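Notes follow once the structure below has been shown.
The values are calculated or read from the model by the stated rules, or taken from the named source; none is laboratory data. Since the structure is predicted, the reported quantities are computational estimates derived from the model, not experimental observations. Every residue, glycine as well, gets a Cβ built from its backbone with ideal geometry; the counts of neighbours run over all protein chains shown. The accessibility values were calculated without ligands, DNA or RNA, using every heavy atom of the protein model including side chains. Shrake-Rupley method; radii C 1.70, N 1.55, O 1.52, S 1.80 Å.
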Amino acid sequence: MRNTICEQFQAVSTAAYPSFTPAVPPLELKKHQNFKGGQMTWMCGCYGLVLLVLGVMGQKLPTRDEGLFQMQIRDKALFHDSSVMPDGAEISGYLFRDTPKRYYFVVEEDNTPLLVTVTPCDAPLEWRLTLQELPEDRSGEGSGEPEPLEQQKQQVTANEGTELFTYKGNDVESFISTSSPSGLYQLEIICTEKDSNFKIYSTTTPESDQPYPELPYDPRVDVTALGRTTVTLAWKPTPTGSIMGQPIQYCVVINKEHNFKSLCAAEAKMSLDDAFMIAPKPGRDFSPFDFAHFGFVPSENDFKDRSLTTNRALSNKMSRSYIPKPKVADIQKICIGNKNIFTVTDLKPDTQYYFDVFAVNAGTNMSTAYVGTFARTKEEAKQKTLELKDGKVTDVFIKRKGSKFLRFAPVSSHQRVTLFVHACLDAVQVQVRRDGKLVLSQNVEGVRQFQLRGKPKAKYLIRLRGSRKGASTLKVLASTRAGGKQPFPALPEDTRIKAFDKLRTCLSVTVAWLGTQERNKYCVYKREVSESYGEEHRRREQNQCAGPESRRKSEKVLCKYFHSANLQKAVTTETITGLEAGKSYLLDVYVVGHSGHSVKYQSKLVKTRKYC
């Protein structure tokens, strides 16, 4: 049988190259493996060259020896759009919609095991496996020479072969037989939904090859812990890694749409460029073999455009341009080594996710899918919404990186809403939505006043987001009343206290600060601090909402009223006396509003002279 198959291929080669004569008698069909690429091809020893049955008529392969490797198969009826399937290697292919492809596989001897696996990657496939009857050698003179190629072609194509297996769907499906007859097997694949990628694996030694990682007795992926932004997954390890010692790693795929039945389906969803060969350009085709593995360097002239001799509908399908799919941000693949427990982080609360785990053989890059699962993350803890009363100040405390929601629903009709926000510590983010529409988004430091346009029966939702540095304290007031005195005192843009070094003595220091055009009350306080007291201590104590009422009476220096119609001259000075030589003091200035609410200027650390 082996010699018969070799003779059939010899006839094909002789027809393509009439001047080529083999130097040695026909030998037997052997299996040759390219170890670098993990792919196999069939070789006939009678030629000492690889006979690749190409999927396209007139295709020119990139080769090192043009005279040796440029083989163009003339048998369009049998070999049009077809390829040889290597024994023991997985190949990738591409289908145009409604355009079938045929692949061929040779079994040399009777009673041979056979496994053929087809993996859809983009869309459901229809595929059929048939056993083709090889033409027998028949010569009138009994010379043993094969019949002419044209006569063999008529015999093979006239018989559609014996159908062995058919399948339609998007599952990874296999045909397996422990005892198959010798012959030429044909696999025909078609996709009627869209252009699609797929993978094929065939072997006559399925027991020893075992290219795909084996699933454990329980192939399910379990959810062991569930949070608002995290999900912990666990699965049983594959025996291929733990028992057989194969190099196995696990890849986890997360998305929001559905589970995947194969890793190539997930990779196709992520990006065609990352997972598959690019679709053939119009008028060209590609062999499933990666010629780079053999050291070939293709050039522009290495491929010849084939003429389309089929009907107009097929020509239109083949000539349409290929548009790559956009990358999808909602799908993620993470390979985690050989761990079988993994926690997925950075998920969105109250969102359903689908989780798939794939065992990947690092040596062959072939994978097996576990039974995926899905889970919905927990909801965000419901925030209690504080109700703001018109014209009343509300104290708000926010945890580090936390948020608080305030609701303001004016009873009467209004044209304008005045919002006061006093950030006592670090800056906070303020967002205001009026009836669901965002009308304000600002970072606030110190005291800020905002004017919002009103609407009849409008409701306002205020979101306050705290600082990353630490907890935040605020005072918030919303009012629809026009005019009148404001609850918070007006502040200058610069709230620093200036100390005059030249006016510093052993018993006093002189300071100055800016005011406004509004007449307000200013109170000065002092506190002796240690020599080690620095800016870090001062920053931690910088709470602008803590008023004079929180200070000891002994720390009070004075209170006075001050304003200036000219902002350029709105500055006041004060000499602080009664200090000790060589001592450090912390000075604070509070400005008190008409309603009694106060704001503290930035604290100032001063030191008296030690010697005078």
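Of all residue pairs spaced 6 or more apart or on separate chains, those with beta-carbon atoms under 8 Å, a first member in the stretch 208-230 that is closer than 30 Å to Pro349 by Cα and a second member that is aliphatic (A, V, I, L, M) and open to solvent by 70 Å² or more (accessible area, probe 1.4 Å) are Pro219/Val371; Arg220/Val371; Val221/Val371; Thr224/Ile341. Please verify whether the stretch 409-416 includes one or more residues that are in a loop (DSSP other than H, G, I, E, B) and under 30 Å from Gly470 (Cα atoms). No, there is no match, as no residue in the stretch 409-416 is in a loop (DSSP other than H, G, I, E, B) and under 30 Å from Gly470 (Cα atoms). Within the bounds of the stretch 413-433, is there any residue that is within 34 Å of the chain's Cα centre (by Cα) and exposed (fewer than 14 other Cβ atoms within 10 Å of the Cβ)? The answer is no; no qualifying residue exists. Scanning the stretch 220-269 for residues that are among the small types (Gly, Ala, Ser), in contact with a strand residue (DSSP E or B) (Cβ under 8 Å, 6 or more places away or on another chain) and open to solvent by 30 Å² or more (accessible area, probe 1.4 Å) turns up just one, Ala225. Here the strands (runs of 3 or more DSSP E) wholly within the stretch 185-251 that include at least 1 residues being within 19 Å of Ala266 (Cα to Cα) are 196-203, 231-234. Residues of the stretch 329-358 that are assigned to a strand (DSSP E or B) and touching a helix residue (DSSP H, G or I) at 6+ places or on another chain (Cβ under 7 Å): Lys333, Asp356, Phe358.
Screening Val592 against (1) over 25 Å from Thr394 (Cα atoms); (2) among the β-branched types (Val, Ile, Thr); (3) crowded, with 16+ Cβ neighbours inside 10 Å leaves a single unmet condition, (1). Just one of the listed residues (Glu536, Glu574) is at pLDDT below 90, open to solvent by 30 Å² or more (accessible area, probe 1.4 Å), outside any loop (DSSP other than H, G, I, E, B) and farther than 21 Å from Lys610 by Cβ, namely Glu536. Looking for something touching a Leu at 6+ places or on another chain (Cβ under 9 Å), more than 17 Å from His422 (Cβ to Cβ) and open to solvent by 20 Å² or more (accessible area, probe 1.4 Å) - is there at least one such residue anywhere in the stretch 468-475? Scanning the stretch 468-475 turns up at least one residue that is touching a Leu at 6+ places or on another chain (Cβ under 9 Å), more than 17 Å from His422 (Cβ to Cβ) and open to solvent by 20 Å² or more (accessible area, probe 1.4 Å). When residues in the stretch 542-566 are screened for being out of contact with any Cys (no Cβ under 6 Å at 6 or more places or on another chain), surrounded by 13 or more Cβ atoms within 10 Å (Cβ to Cβ) and not in a helix (DSSP H, G or I), 9 of them pass. The set of residues from the stretch 181-219 being of a type in the set (Phe, Trp, Tyr) and open to solvent by less than 20 Å² (accessible area, probe 1.4 Å) comprises Tyr185, Phe198, Tyr201. Being modelled with pLDDT under 90, hydrophobic (A, V, I, L, M, F, W, C) and either surrounded by 15 or more Cβ atoms within 10 Å (Cβ to Cβ) or closer than 23 Å to Thr112 by Cβ (or both) is a property that Val156 has. Listed conditions (1) crowded, with 16+ Cβ neighbours inside 10 Å; (2) at pLDDT 90 or above are all met by Glu108, apart from (2).
Which pairs do you get when a residue that is in a loop (DSSP other than H, G, I, E, B), found in the stretch 507-522, comes within reach of a residue that is of a type in the set (Val, Ile, Thr) and open to solvent by less than 10 Å² (accessible area, probe 1.4 Å), reach meaning Cβ atoms under 9 angstrom, with the pair 6+ apart or on two chains? What qualifies is Leu507/Thr608; Ser508/Ile576; Ser508/Thr608; Gly515/Val591; Thr516/Val591.
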